[in-house]
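To start, the structure under review is shown below, and the notes come after it.
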Amino acid sequence: MHTRFCIVVFSAAAAACIGERGPFINRMAHSETSYLARAARQPVRWQPWGRDAFALAARLDRPVLLYIGSDSCRWCAETDRAIYTDPEIGALINALFVPIRVDRDERPDVAQRYQTAVERMAGLRGWPLTVFLTADGAPFFGGTYFPADDPITGRGLKQLLPEVAKRYRDQRTFIMEQAAVVRQMVLTEDSPSVLRPALVQQGIAAVARELDEAVRNRAVAGSVTHAEAVSLLLTDTTLLASARRALDLMLDTTAGTVSEDPPRLVRAALAVSLAKAWTVTGEQRYREAVRVLVRALSAEPPPDGSVFADQEAYVLEHVMVAAATIGEPTVSSRARAGLDVLLQRTYARGWGVRHAAAGAPAAGASTPQGLLQDQVQVASACLTAHQLSNAPRYLEVALDLAAIVERSYADPLGGYYDVAAADPLAASQALGDRTKHIFDDVLPGANAATALVQAELAQVTGDPSYKRRAQATLEAFAGSMDGTGLRAVTFLTAARQTLGKP
């Protein structure tokens, strides 16, 4: 009781101090995504990701509580319902931290960065993320879902929040040293090594083992990663049984309706896996399932709220491929028309693709340029549209985006950064560190997808320089392959294509 009284008094004093320096209020009301805007009614004084929030943390000498979630995450919804509506937890957070809230789909670069940090610190993956940061954005403690109250283990937020704030105040030197170590681990996901066929074979075997384990635990549902793994294994006759077991379980558990990834992404990925399964096995049930999925995906409008270029391009490409495979030309053409609309809304020649689709960009516009993930997912969709229609305009876009990736995202030491060098997004909204990611998460890893686009461009254009770039991209990260399992699927797909195996 005495401790709680002290916290309430401190909260009131802190609020008064903040009032003298400027408003410290919940700033989610004017957010551009529905996920963030819904948090405007919560008692937590959420701040948007950006330099202003970190400057506030430095001015108040407080740690940052970073919370990352999304509309499609079940545990995110549960956290909002049961935890962040609690006035006591809201008072604790407002008194001791500067809270920042991020939509995973709006800022996948931020989400991947801190998911990597939590995995390095705690060995955990999943959503939502709750991460405690220094005032310069370096993580020093975090996890996924924390309950509101857990006095037995001390892992509830009501126990953790005062303890983390106390450690930040009393053990600052140790906290800063720990944060510097974690930050360096996050920035060094790349580990160069030679790309050898044996490495690819070992990686595919690891994917099969992990997928088999997921099937045994009945955990194969609602994941783009699982669907993409099935597609990879279907190309190997020795692993066909593993792929079919996973695919059948995904169908039985209605994957894509209850999911940790956006459901449209899951259904699109599943449609391509089913189409491949039909071509390999000839089983009509797979073809019929594809027909149902692609017709539904092509008929439904994009989701409410912001449309993100990377996710929409992924869906459209997979619908095009699956529909063309089973002989649904009308559906494939409809998806290609959707790609034309997406290009009109997000792409400008010589400038690239922006992340959120709203209106049409202009070359040289001050609107932030998109992420690497946006450039390569749109380029990949355009290559597919070119192969299906033979329309040269799609190849021209893909070539332009490949050039932009080289100019604006490349790291001279290998691989590609998530954010463009001179992008306002990097300069004014993100922190100083530029990160690089290779392994799959909600979507294929950006560097792996870049290598896949480069390998495909080498085949389409006959220009061997693209193949050399693809191999160099993969070799920048090949030393990090060990233990990645399912998250290496796109890396392995690109490596097989680069090394010459179809």
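Some values worked out for this structure:
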{"quantity": "Degrees between helix 172-186 axis and first principal axis of the chain (Cα, 0 to 90, nearest 10)", "calculated": "10"}
{"quantity": "Taking ILE152, ILE100 and counting other C-beta atoms within 10 Å, the order from fewest to most", "calculated": "ILE152, ILE100"}
{"quantity": "Shape call, the stretch 2-186: gyration tensor on alpha carbons, a/c limit 1.5", "calculated": "rounded"}
{"quantity": "Between the stretch 389-411 and the stretch 109-133, the Cα center-to-center distance that results, in Å", "calculated": "32"}
{"quantity": "With at most 15 other Cβ atoms within 10 Å, longest stretch of the chain clear of loop GluC sites (Glu not before Pro) (DSSP)", "calculated": "33-282"}
{"quantity": "Packing-based exposure ordering (other Cβ within 10 Å, fewest first) of SER223, SER380, SER465", "calculated": "SER465, SER380, SER223"}
{"quantity": "Cα-centre dipole for the stretch 2-186 with unit charges at Cβ (Lys and Arg positive, Asp and Glu negative), debye to 20", "calculated": "220"}
{"quantity": "Cα→Cβ-extended label distance, 7 Å offset, between LEU413 and VAL181, nm", "calculated": "2.0"}
{"quantity": "Karplus-derived 3J(HN,Hα), 6.51/-1.76/1.60, for each residue of the stretch 211-225, Hz, glycine and proline x", "calculated": "5, 4, 5, 5, 5, 4, 8, 6, 9, 8, 6, x, 9, 4, 4"}
{"quantity": "Count of Lys pairs (Cα-Cα under 29 Å; at least 8 positions apart or interchain) in the chain", "calculated": "6"}
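A short reminder: the numbers here are calculations on the coordinates, not readings from a lab. All values reported here derive from a predicted model rather than from experimental measurement. No Cβ is skipped: glycine too gets one built from the backbone with ideal geometry, and neighbour counts run over all protein chains shown.
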